[in-house]
1. With the crude spin-label approximation of a point 7 Å out along Cα→Cβ, what separation in nm comes out for residue 87 versus residue 459?
2. Measuring from label point to label point, each 7 Å out along Cα→Cβ, what is the residue 423 to residue 317 span in nm?
3. Tell me, in nm to one decimal, what length is gained between residue 291 and residue 65 on full extension, where the rule is 0.36 nm per residue of separation less the Cα-Cα distance?
4. Can you tell me how much longer the chain between residue 72 and residue 18 gets when fully stretched, taken as 0.36 nm per residue apart minus their C-alpha distance, in nm with one decimal?
5. State the Cα centre-to-centre distance between the stretch 74-120 and the stretch 143-203 in whole Å.
6. Could you tell me the center-to-center distance, by alpha carbons, between the stretch 243-272 and the stretch 1-61 in angstrom?
7. Length gain on complete extension for the stretch residue 331 to residue 376, per 0.36 nm per residue less the alpha carbon to alpha carbon distance?
8. Tell me the label-point distance for the pair residue 416, residue 35, using the 7 Å Cα-to-Cβ offset, in nm and rounded to one decimal.
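Only the coordinates and a few stated rules stand behind these numbers; no lab work does. This one's a predicted model, so the numbers in the text were calculated from it and none came from an experiment. Glycine also receives a Cβ, built like all others from the backbone with ideal geometry; neighbour counts cover every protein chain displayed.
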Ligand code: GLU
């Protein structure tokens, strides 16, 4: 009996000591990242969130520690930063900064969007590139992680100015990308129009019609059906699957969506198709409330066709209201919250409001829309949380389907692509669920997605040696 107790105590002590030293090791890697990437707050946040969730994996697989997989994973394979000079409509010279971070190519060519927004800096591009590694891995398709962009502000620019900027941006970027090297796409501020100008310039400079070099292209020059809808639709397929797992469904649920860009619009369209009611959407100035359910066609007309602000909606739709301010939208009572705008949209304060209002689920359509404190608070309060890496992977997954069609020189129907997207999203949900269960965090899809995404990349890195 005493021997038994002694054994139990000593194995408990051994276990606790091992866990402590694992936590110390992981904290050490995080501290090193902070030292090497001074001031890159968003990047620190993304690294901390992922690395901390990997402790149980390292416990089971010490070989990842021996091979320094974490230390290699947090260091981008290549970072490119360049000048983007262009001439505005007044004939004045403007200078912006361009970025492309080729983060990890263990499982395929670098893949990830370009963001054009005044807030873009090295930290933003690094955090997005880092997230992309795990997201792309989760799709089950052969794509590595990368991201890029510029601090160029497309707001208020003429079509010609956008074109000249894109041409200058591509004049530099073209030498670093290619269909088997690095395949950019859209993100905030980069949609079909920008991809068109970027593709035209790549083709001219390289004298090569390599359609697989960019995704999100127009349908008449190599684009894929359903790519425009994919991120928003994919988010809803994931959330639907998660709700079903916990005996809920979308019917008659009140939904609040932040943002009114590509992800938000198609998430709203799909969630309403499945029986929910979207009562609010926003942009960076304010939000609209329409208790009857948002008219998505009207939002498309205002945002996609006219490129105007969301407050236009309240002017044109009876019974709809507009409120100034970005974050007030999270004080509205809803069952499901879909942050589809940008990073750190929901901090602890907004998370508390959502919990107070009995939110059931949160689906992250944007990249890293919840702060780490918000994520922890939501999970502690049993909110179902669909993490961005998993839940918004439908966009990049469909980009990989676009690449596949480009390689075959043929195109699939909308129904075929949409069916594949749905299957991919269900697979991602199941992979996140299984990984969470296997590593002792059942029902925590944040941890599950990180682990499932990590394992594939880590194993590929192990196989390929120290490069
Ligand atoms: N920008 C999107 C994302 O965050 C899509 C990237 C792509 O299609 O390559 O995943």
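1. Once both label points are built, they end up 5.5 nm from each other.
2. So the two model labels end up 3.5 nm from each other.
3. Length gained, residue 291 through residue 65: 76.1 nm.
4. Details: separation 54, 0.36 × 54 = 19.44 nm, distance 2.25 nm.
Answer, rounded to one decimal: 17.2 nm.
5. Rounded to whole Å, the Cα centres lie 8 Å apart.
6. 36 Å
7. On the way: separation 45, 0.36 × 45 = 16.20 nm, distance 1.91 nm.
So the chain would gain 14.3 nm between residue 331 and residue 376.
8. Roughly 5.4 nm, to one decimal.
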